[in-house]
Amino acid sequence: PTQCDNWVRTSNGGHFASPNYPNTYPPNQECIYILEAAPRQRIELTFDEPYYIEPSFECRFDHLEVRDGPFGFSPLINRYCGLKSPALIRSTGRFMWIKFTSDEELEGKGFQAKYSFIPDPDFTYLGGILNPIPDCQFELSGADGIVRSSQVEQEGKTKPGQAVDCIWTIKATPNAKIYMRFLDYQMEHSNECKRNFVAVYDGSSSIENLKAKFCSTVANDVMLQTGTGVVRMWADEGSRLSRFRMLFTSFVDPPCSGNTYFCHSNMCINNSLVCNGIQNCAYPWDENHCREKKRNGLFEQITRTHGTIIGITSGIVLVLLIISILVQVKQPRKKVMACKSAFNKTGFQEVFDPPHYELFSLRDKEISADLADLSEELENYQKMRRPSTASRCIHDHHCGSQASNVKQSRTNLSSMELPFRNDFAQPQPMK
């Protein structure tokens with residue numbers, strides 16, 4: 001690093017060179033130069049003669065690397081080596097990242113470069129007059145505080161239609177560091193870091209102290225190692241809707257003293273920040289047990305914590321009570337029967353015992369009478385046939401056997417006794 005200190009800076013630009021220039025540069029060297037122009041300016045880089053860097057295929061050995069931006073991962077402009085100095089190099093923004101590297105063998109004279117700042121043509125009016133840069137500076141200090149972009153418009157630091165380029169300088173309490181956490185963050189043109197971004201510096205606003213730069217859709221927490229932090233916001237005319245709101249907290253390293261609170265994340269914050277309704281620790285340890293520490297009144301507890309539960313329960317009970325009343329009103333009333341003192345067993349027996357009917361008794365009597373008359377007539381008929389048969393047999397006996405077979409058969413038929421069987425007995429009475 002001591003051999004890379006040959007860097008001269010001025011307000012309009014500067015110049016730098018490889019170690020030992022114009023003599024041979026040493027082996028195993030790595031020098032990084034980050035050039036930063038003012039807002040709405042660009043950088044032009046030129047190389048002087050003599051110029052010599054060990055030539056190689058695709059400049060894989062000794063080389064000079066130039067990138068368009070402030071980081072080592074910014075877009076690569078080109079790698080340079082060989083005997084011929086590079087042509088004019090111009091950035092597209094206000095930053096340029098340059099690295100010189102040498103290997104173990106085959107060194108050369110190196111290079112010397114000059115750079116200057118030129119107006120950015122994207123921010124010029126007709127006639128080439130550059131819009132003046134607004135004076136937008138803020139300062140904050142204390143145990144904690146809020147950095148917010150809305151302060152620019154509230155205090156009239158910029159006019160409508162102008163770009164925003166503002167700086168917030170934060171001072172922590174004595175012997176303390178700064179922890180920053182974004183509460184609100186929105187970029188109108190996300191991932192377009194040349195149009196709008198929020199940068200955080202640790203110690204000063206120099207590019208070497210750049211801690212983080214946010215231009216996408218997410219902004220992470222930042223832990224600074226010094227007591228001075230710088231927040232810078234840049235938004236062009238088409239990105240005025242970009243905004244952010246950041247909380248900064250002063251903290252010291254453990255062990256914590258008597259007037260500080262341990263955050264369980266290598267942080268000790270002031271006791272006044274505990275249970276203040278804002279998460280000052282990296283994790284919400286300072287706001288987790290606030291109900292136990294603060295004894296609120298009965299009315300405050302009901303309105304804040306238990307008001308919702310009590311209201312819901314009361315509503316449910318009221319609805320059930322109304323339903324019960326409606327059911328009782330619509331339900332029919334029961335009729336009450338008066339009990340009699342005397343019990344009529346005869347009447348009760350007549351009601352529940354069905355009467356006995358003899359349906360066939362009359363008809364059975366008539367049939368029995370008819371059968372008795374028929375039986376009597378048959379007996380009379382039998383008596384009448386017996387005398388006639390006896391007289392006829394006597395007459396035949398005296399008259400000889402001249403009777404024909406026919407007559408004999410008739411006589412025999414007439415003399416035959418027809419058996420009579422009275423099957424029409426009187427039926428048994430029906431039960």
Pairs Lys157/Lys211; Lys99/Lys211; Lys84/Lys114; Lys159/Lys213; Lys114/Lys211; Lys171/Lys211: which are spaced more than 22 Å apart, C-alpha to C-alpha? Lys157/Lys211; Lys159/Lys213; Lys114/Lys211
Lys and Arg at +1, Asp and Glu at -1: neighbours of Cys136 with Cβ under 13 Å from its Cβ sum to -2
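Find, among the trypsin sites (Lys or Arg not before Pro) in segment 1-110, those assigned to loop by DSSP (not H, G, I, E, B) with at most 14 other beta-carbon atoms within 10 angstrom.
Those that pass, being in a loop and sparsely packed, are Arg60, Lys84.
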If you average 1/r across every pair of different Cα atoms in segment 7-120 and take the reciprocal, what Kirkwood value do you get, in Å? 14.2
For segment 137-273, would you read off the P(r) tail past 18 Å as a percentage of all alpha carbon pairs? 55
Using only the Cα atoms of segment 1-54, what do you get for the radius of gyration and for Dmax, in Å? 12.9, 38
Taking all protein chains in place and a 1.4 Å probe, what share, in percent, of the accessible surface of segment 131-272 do carbon and sulfur account for? 46
So, with a 1.4 angstrom probe, what is the percent of accessible area on segment 38-115 that is carbon and sulfur? 54
Name the residues whose placed amide hydrogens come within less than 5 Å of the amide hydrogen of Gln41, ignoring near sequence neighbours (fewer than 5 apart) on the same chain. Asp120
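The values are calculated or read from the model by the stated rules, or taken from the named source; none is laboratory data. Everything quoted here is computed from the prediction, not taken from an experiment. Backbone-built Cβ (ideal geometry, glycine too); neighbour counts: all protein chains shown. Areas reflect the complete protein model, heavy atoms only, side chains present, ligands, DNA and RNA absent. Shrake-Rupley method; radii C 1.70, N 1.55, O 1.52, S 1.80 Å.
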